[in-house]
1. Is at least one residue of the stretch 465-476 under 14 Å from Thr349 (Cα atoms) and not hydrophobic (A, V, I, L, M, F, W, C)?
2. Between Asp203, Asp174, which is assigned to a helix (DSSP H, G or I) and of a type in the set (Asp, Glu)?
3. Does any residue of the stretch 463-484 turn out to be open to solvent by 10 Å² or more (accessible area, probe 1.4 Å) and modelled with pLDDT under 90?
4. With the condition being in contact (Cβ under 8 Å) with a residue 40 or more places away in the chain, under 30 Å from Asn373 (Cβ atoms) and within 26 Å of the chain's Cα centre (by Cα), I'd like the helices (runs of 4 or more DSSP H) fully within the stretch 394-491 carrying at least 2 qualifying residues.
5. Out of the residues in the stretch 356-370 meeting the condition of being open to solvent by 30 Å² or more (accessible area, probe 1.4 Å) and modelled with pLDDT under 85, tell me which one is nearest to Ala458 (Cα to Cα).
6. Of the conditions (1) open to solvent by less than 10 Å² (accessible area, probe 1.4 Å); (2) modelled with pLDDT of 85 or more, Val522 satisfies every one except a single condition; which number is it?
7. For the stretch 377-393, give me each residue that is assigned to a strand (DSSP E or B) and surrounded by 18 or more Cβ atoms within 10 Å (Cβ to Cβ).
8. List the residue pairs whose Cβ atoms are under 8 Å apart, where the first residue sits in the stretch 203-220 and is over 11 Å from Val51 (Cα atoms), the second is open to solvent by 40 Å² or more (accessible area, probe 1.4 Å) and outside any helix (DSSP H, G or I), and the two are 6 or more positions apart or on different chains.
Amino acid sequence: MEMGEEVYTLDGAVDRHGRPAIRARTGTWVSVILLLVNQGLATLAFFGVGVNLVLFLTRVLGQDNAAAAANDVSKWLGTVYVFSLLGAFLSDSYWGRYKTCAIFQAIFVVGLVLLSVSSSVFLLKPRGCGDERTPCGSHSTFHIVFFYLSVYLVALGNGGYQPNIATFGADQFDEEHPKEGKSKVAFFSYFYLALNLGSLFSDTVLGYFEDQGMWPLGFWASTASAFLALVLFLIGTPRYRHFEPKGNPLSRFCQVLVAATGKWKAKTNQGEENLFEGDKMESALNGDRKILHTDGFRFLDKAAIMTPKDHSSKQDKNFYGRNPWRLCTVTQVEEVKCILKLLPIWLCTILYSVVFTQMASLFVEQGTAMKTNISDFNIPAAGMSSFDILSVAMFIFLYRFALDPIVAKIKSEPKGLTELQRMGIGLVIAILAMVAAGVVEVWRLNDAKKDCPNCVNASSLSIFWQIPQYMLIGASEVFMYVGQLEFFNGQAPDGLKSFGSALCMTSISLGNYVSDLLVTIVMKVSRKDDLPGWIPSNLNNGHLDLFFFMLAALTSVDLVIYVICAKWYKYIEFERINGADGNGDDGQTEAAAEHSV
């Protein structure tokens with residue numbers, strides 16, 4: 001059989017038997033379409049539970065404090081993102097992405113089955129309870145524990161699965177092949193689109209049924225969706241491409257720190273030829289990419305300095321009997337540098353997530369205090385998020401088929417905007433969204449019924465004036481979150497790809513917590529004497545507009561810091577050895593380098 005580019009992939013991927021992946025028989029869109037549908041169905045299942053969980057806790061479990069119920073849901077969502085780090089760790093270290101996805105999806109299905117049984121058999125008594133008018137009776141401790149066990153299994157399953165499915169989908173494309181490399185970039189946009197379409201169905205159809213008290217129908221529909229997602233995932237097993245896990249990244253990270261500290265007196269200006277790197281042939285056989293040496297964080301280079309104590313012969317530089325706690329490879333050192341360089345960029349994305357979370361909290365509060373009816377039809381304030389999802393879909397296609405090709409043509413490069421540039425644009429649009437929300441709130445207050453604090457519609461301003469702010473949030477997601485997925489996947493070292501995707505999820509999680517903290521601080525500072533503060537229970541007596549403008553100002557400051565960090569950041573450069581896998585001549589190297597912003 002001919003051993004060339006047309007046969008084997010160039011990125012070191014293997015098939016399910018551990019053999020080099022044959023391009024025509026593995027991966028590409030044939031596999032990825034299954035994964036995209038899988039993602040949409042799994043998202044539908046997850047949000048089918050989460051969209052009305054606060055209502056379930058108050059109406060069915062009888063929590064009489066809506067704030068406490070909302071706090072329980074926030075803790076549950078936070079747990080999902082904590083479990084995402086667990087899933088990423090297991091995937092990168094031991095199980096690999098395929099096995100991790102399969103196991104956590106199975107846990108997800110089990111949790112949904114138990115949740116459906118719990119609601120159908122134990123909790124919805126008397127029959128027909130759980131709607132707005134009919135409260136449910138009391139429940140035993142066993143029933144409550146059973147419910148929380150099932151709902152946290154759902155969190156465990158979804159959390160462990162999410163960061164890995166995005167990376168596993170990207171694995172199906174060979175980024176070192178021109179055509180597949182372009183498809184890999186496009187994948188992240190369609191992945192985010194699939195996520196949003198899944199949540200659209202759950203937010204509208206399933207959310208409506210659950211709001212009417214048909215909880216078993218909603219939960220069993222989520223269960224069926226998750227089960228179908230798992231089946232589709234397993235169907236694609238013969239075609240998937242895989243990358244072997246690289247071992248515990250924590251130990252590799254600590255080895256660099258210990259080795260560098262132990263050689264703190266060593267000089268780092270001795271030249272790259274005195275830095276230790278692993279055997280080239282071994283790297284080729286393992287499909288590993290070496291990371292080229294960079295000048296940043298020079299102290300860490302001490303971990304790779306060859307001293308007389310490490311080795312007596314310069315010719316035997318690529319030896320195997322080294323102590324990894326004293327001598328590390330350049331690639332291992334650069335892995336640590338990569339993570340340290342990613343952290344400032346990641347920190348700058350947290351405030352964007354604060355803006356994003358307003359869509360599910362204060363935007364809904366604002367919409368509830370507006371005119372929500374058209375004739376006899378009442379528009380639920382939470383349903384306005386549909387405009388966000390429609391905006392995401394529209395801007396994904398606008399970017400992929402219009403903006404990106406135009407920018408690429410102007411720059412005379414195959415690639416249009418870089419990931420960092422797109423994330424910066426996302427921050428700019430997020431600022432505009434907050435300004436739009438603040439302006440709408442000013443108009444709403446001008447038309448507010450201040451003498452009627454308990455009115456259903458506390459302002460005569462139509463809720464449709466919220467459409468621009470939802471549309472702007474959706475546009476910003478396309479630039480920020482899709483760019484973020486691409487950036488962390490591409491810039492994370494080969495042994496930490498799933499961790500890169502988990503960073504995106506933890507950004508959203510911390511955004512929720514920072515948002516709650518900001519609201520708490522603002523209420524304490526703004527509440528003086530007879531003034532109720534900016535965000536009181538009756539928004540007509542507050543100044544929600546000032547809070548939105550404050551977020552716009554904070555995001556503007558964040559944008560300035562982000563631009564500085566993005567200018568400082570240098571894209572990592574890989575070197576692949578294409579000699580031992582039949583893809584080139586022995587000793588031939590191929591650099592996969594990207595440019596700074």
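The values are calculated or read from the model by the stated rules, or taken from the named source; none is laboratory data. If you're wondering where the values come from, they're calculated on a predicted model, not measured in any experiment. Glycine gets a Cβ as well: all are built from the backbone with ideal geometry, and neighbour counts include every protein chain shown. Areas reflect the complete protein model, heavy atoms only, side chains present, ligands, DNA and RNA absent. Shrake-Rupley method; radii C 1.70, N 1.55, O 1.52, S 1.80 Å.
1. Checking the stretch 465-476: at least one residue is under 14 Å from Thr349 (Cα atoms) and not hydrophobic (A, V, I, L, M, F, W, C).
2. Residue meeting the stated conditions: Asp203.
3. Within the stretch 463-484, not a single residue is open to solvent by 10 Å² or more (accessible area, probe 1.4 Å) and modelled with pLDDT under 90.
4. 419-446, 467-491
5. In this case the residue turns out to be Thr368.
6. Against the list (1) open to solvent by less than 10 Å² (accessible area, probe 1.4 Å); (2) modelled with pLDDT of 85 or more, Val522 comes up short only on (1).
7. Residues satisfying the conditions do not exist here.
8. Gly213/Gly128; Gly213/Glu132; Gly213/Thr134
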